[in-house]
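The values are calculated or read from the model by the stated rules, or taken from the named source; none is laboratory data. Model, not experiment: these values are computed from the prediction. Cβ placement follows ideal geometry from the backbone for every residue including glycine, while neighbour counts extend to all protein chains displayed.
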């Protein structure tokens, strides 16, 4: 039986999606081609091909329970292991059985009775970059306080997203910890704190703050609770291409000096 | 039956040790009083009292398989939860059953056939702050390269030691991850990377480098392997006094703004 897939593309990548389908449909039964977030993806497919950047993958995985393969224009992404021009390599990897599943866990934020699941991170911040005192409590008891613009809570997957821009540590994907980072803190406290993911993180403040889940606003409130989500998503990646490869290629971290010398 | 303890003191704290024993020996059977590292501690005692700073505790735990309670002159330490003048509080906590055991895991470094166990960290660095290319490999395959003075590998316990000075993240004690931080890296790569502790970290370089375990030199070599140690140690701490309390009191991290306002 032929392997089956759905193709989900970012609205500006319709042409690229069509071209990709033409290249692969001899080998893969394409059951559905749709724009990201436009309609429900057929979950009886073996996997979904996502065309776009990490952002498109981020949105797509929230509505999907099947493994995903990301294709990206330009450089590879942390969630999209193939460039659009690498379709042949993808087909070869698929035929040679070199695609491995990588499970990634998500976080859940609860506010005022509603709950949302995040792949990368939760931001809890004041409007207009004002400051506020934030209390961060773990399992309802002891904790820390920060006078800051906000607090970022990130998963290992999210450690290379906004967390990286704010100065946080890089956490490799299968680590079972969350990272908490005050955003623009007063008192030189711009270090992150790493906490086991089974702990419940409660954040409260005195000024109404906005909650962003993977960069999208979901509401404003005075307190939120963050736990490990029961949901996860599955990336399909080539077995020769892991997190460290992407870290070196995309961010240049840990690339050393020899690579640069080789390129001269 | 009376609870029993050994008292281990740093060489300059003999007077303080004597005074402490006088205060507690009505309640605790003191089976041994000795200088740190001077003789083997009687492990049939229920616990050991360590008098000195975090450094004394660091050395003492390597030769002990019984729980320890640290007493420190001046401010509390991350491994010594009582100040020397707080003996009454300690006795009250003991009698009220408020001392809880906190297990801490250690790392093991292997070099040229020898192995050493570290509570805080392993430093692998060039002599005289020269630079070298360091390859950091995980489970023998993929990894990262840094052009730097050296590499620091720390446990959660060690995250608030040298790692803190070098700009690393704070890792709460029961997290199951190690932290790897290039020391004085070239190319703006001064972020740490967080890796599950079950992974084997192999570090190699082209220039002979010194290996420090908890700050003490154990030799020089071209490559080391770091794994989670099968050894651990046990701290006794009051149940109302956890890692976050110490972090706020000792480092000022997460103390917020209200404490300072209260003190005005």
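Things to note:
- The stretch A:32-48, subset part of a strand (DSSP E or B) and more than 14 Å from residue A:14 (Cα to Cα), residue farthest from the chain's Cα centre (by Cα): A:47
- Total residues in the stretch A:175-190, condition without any contact (Cβ under 8 Å) to a residue 24 or more places away in the chain and either closer than 14 Å to residue A:125 by Cα or in contact with a strand residue (DSSP E or B) (Cβ under 6 Å, 6 or more places away or on another chain) (or both): 2
- Against the criterion of being part of a loop (DSSP other than H, G, I, E, B), crowded, with 21+ Cβ neighbours inside 10 Å and modelled with pLDDT of 95 or more, residue B:159 does not qualify.
- Residue in the stretch B:122-141 that is surrounded by fewer than 24 Cβ atoms within 10 Å (Cβ to Cβ), within 14 Å of chain A (Cβ to nearest Cβ) and at positive phi present: yes
A quick yes/no check of all residues on (1) outside any loop (DSSP other than H, G, I, E, B); (2) in contact with a helix residue (DSSP H, G or I) (Cβ under 7 Å, 6 or more places away or on another chain); (3) over 21 Å from residue A:4 (Cβ atoms); (4) without any contact (Cβ under 8 Å) to a residue 12 or more places away in the chain:
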site: A:59; (1), (2), (3), (4): yes, no, yes, no
site: A:63; (1), (2), (3), (4): no, no, no, no
site: A:75; (1), (2), (3), (4): no, yes, yes, no
site: A:80; (1), (2), (3), (4): no, yes, no, no
site: A:87; (1), (2), (3), (4): yes, yes, no, no
site: A:92; (1), (2), (3), (4): yes, no, no, yes
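- Of all residues in the stretch B:152-171, none satisfies being over 24 Å from residue B:61 (Cα atoms) and in contact (Cβ under 8 Å) with a residue 60 or more places away in the chain.
- Only residues that are closer than 22 Å to residue A:74 by Cβ, away from chain B (no Cβ under 14 Å) and buried (at least 20 other Cβ atoms within 10 Å of the Cβ) were counted in the stretch A:207-262, giving 3.
- Test: residue B:76 is under 21 Å from residue B:93 (Cβ atoms) and modelled with pLDDT of 95 or more: no
- Among the residues of the stretch A:14-29, those that are in contact with a helix residue (DSSP H, G or I) (Cβ under 8 Å, 6 or more places away or on another chain) and crowded, with 18+ Cβ neighbours inside 10 Å comprise A:20, A:24, A:28.
- Cβ-Cβ under 7 Å pairs, at least 6 apart or on other chains, the stretch A:111-134 side within 14 Å of residue A:220 (Cβ to Cβ), far side part of a loop (DSSP other than H, G, I, E, B): A:125/A:149; A:126/A:149; A:132/A:126
- Residue that is surrounded by the fewest Cβ atoms within 10 Å (Cβ to Cβ), among those in the stretch A:142-152 that are touching a helix residue (DSSP H, G or I) at 6+ places or on another chain (Cβ under 9 Å) and more than 8 Å from chain B (Cβ to nearest Cβ): A:149
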